[in-house]
1. Set the Förster radius R0 to 51 Å, insert the Cβ-Cβ distance between Lys246 and Asp195 as r into 1/(1 + (r/R0)^6), and round the FRET efficiency to 0.05.
2. Only bridges with both residues in the chain count here: give the DSSP antiparallel percent, nearest 5.
3. Counting Lys and Arg as +1 and Asp and Glu as -1, what is the net charge of the other residues whose Cβ lies under 15 Å from the Cβ of Lys206?
4. Once the piece of chain linking Lys280 and Lys141 is laid out straight, how much longer is it, given 0.36 nm per residue of separation minus the C-alpha distance between them?
5. Mind giving me the nanometre distance, one decimal, between the label points for Thr72 and Lys87, set 7 Å out from Cα along Cα→Cβ?
6. Would you tally the net charge around Leu63, using a Cβ to Cβ cut-off of less than 12 Å, leaving Leu63 out, and scoring K and R as +1, D and E as -1?
7. If amide H atoms are built 1.01 Å from N in the plane of the peptide, which residues on other chains or at least 5 residues away come under 5 Å of the amide H of Val181?
8. What is the distance, in nm, between label points placed 7 Å from the Cα along the Cα-to-Cβ direction at Ser103 and at Gln64?
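Please treat every number below as a calculation from the coordinates, not as lab data. A quick note: this is a predicted structure, and the numbers were derived from the prediction, not measured. When we count neighbours, we look across all protein chains shown, and the Cβ atoms used for this are built from the backbone with ideal geometry, even at glycine.
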Amino acid sequence: MQALAARSLCQHITRGMATSVTRNSPINNITVIGSGLMGSGIAQVAAQTGHSVVLVDQTDAILQKAKERIATSLKRVASKQYPDDAKAMKQFMTETMSKISMSEDPTSNIGSCDLIVEAIVENMAIKQKLFKQLDEAAPQKTIFASNTSSLSITEIASATDRLDRFGGLHFFNPVPVMKLVEVIKCNETSQETFDSLFMFANNLRKHPISCKDTPGFVVNRLLVPYLVEGVRMLERGDASARDIDKAMKLGAGYPMGPLELLDYVGLDTTKFILDGWHEKEPDNPLFNPSELLNSLVKDGKLGMKTGEGFYQHKK
Ligand code: 3HC
């Protein structure tokens, strides 16, 4: 019965998102800590590609919200994969959901965990505290990775005694759609760990790239100054928000303009990244704070998640 279910999931995976089902990979059982947009997306794509996932967050209420988010996203994936087959669609969703268990304990099932991916709040002290606790509980083999957007992986890893088994896995929002994963190799990350993380990203049917542990890695280092330059343009009154966004979509082929994307990612997230870099490099004009961004964040206008940012959104 179990073999049948596994074969059927493999068939779904082969037809759909994934073909390689973690074969030859040492990473099969993963724990994702933090069930927000990024964490739930990572858990979803891992389950879709045949991995067993434990998704961890602080309360059951938060986890139930993540479960609903995953179910909604899976429905979009399934309706594309099985447009004319309601039964197959339902089966794909049920089988994928069955690969994900929820827990409020970060060390739940840690004995069999091959990889822990952290996607919690962007706070160095909180991340270090969590990883220290995990390091004491996890077996030797377990690889640790952070999905931080802008903090130093090396600094996070310094709270542990497994610098050789620590790296970065940086995903993009929306995780089920965006194809890139940045795989970050710190000076102390072993080649074996890096290769395992890279293979894991491949097995998620993503396109990994390799990068060093530098602020913002590749994408955010280019993207964040561009987004903030869009805000400065609006502040100067060079063009309206709608025209700035229209310009970048129709003139540069971007799927969203900078102000739309800021609303999508969250104004607080971008402000946090910018402030951190400004503190480290106060003379770099690319990282100068923006008054408009600061005041919108101060007023709680964080973008889509609060219903208002540069635009009004339906909640
Ligand atoms: N789950 C599953 N599928 C989803 C989805 C989700 N959450 N969101 C969108 N999709 C699918 C839709 O089903 C649709 O599939 P189809 O084309 O096969 O029918 C496809 O994606 C397009 O979605 P929509 O038709 O709803 O909307 P759009 O065509 O406007 O695309 C978008 C939405 C994919 C978000 C696109 O606008 C886009 O790519 N925007 C840019 C996103 C981006 O730049 N992300 C990176 C942000 S930076 C970051 O994350 C780093 C962090 O550290 C800050």
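1. 0.70
2. Bridges in the chain are about 15 percent antiparallel.
3. Computed value for this residue: +1.
4. 46.6 nm
5. The two pseudo-label positions are separated by 3.0 nm.
6. Neighbourhood net charge equals -2.
7. His207, Ile209
8. That separation, rounded to one decimal, is 2.2 nm.
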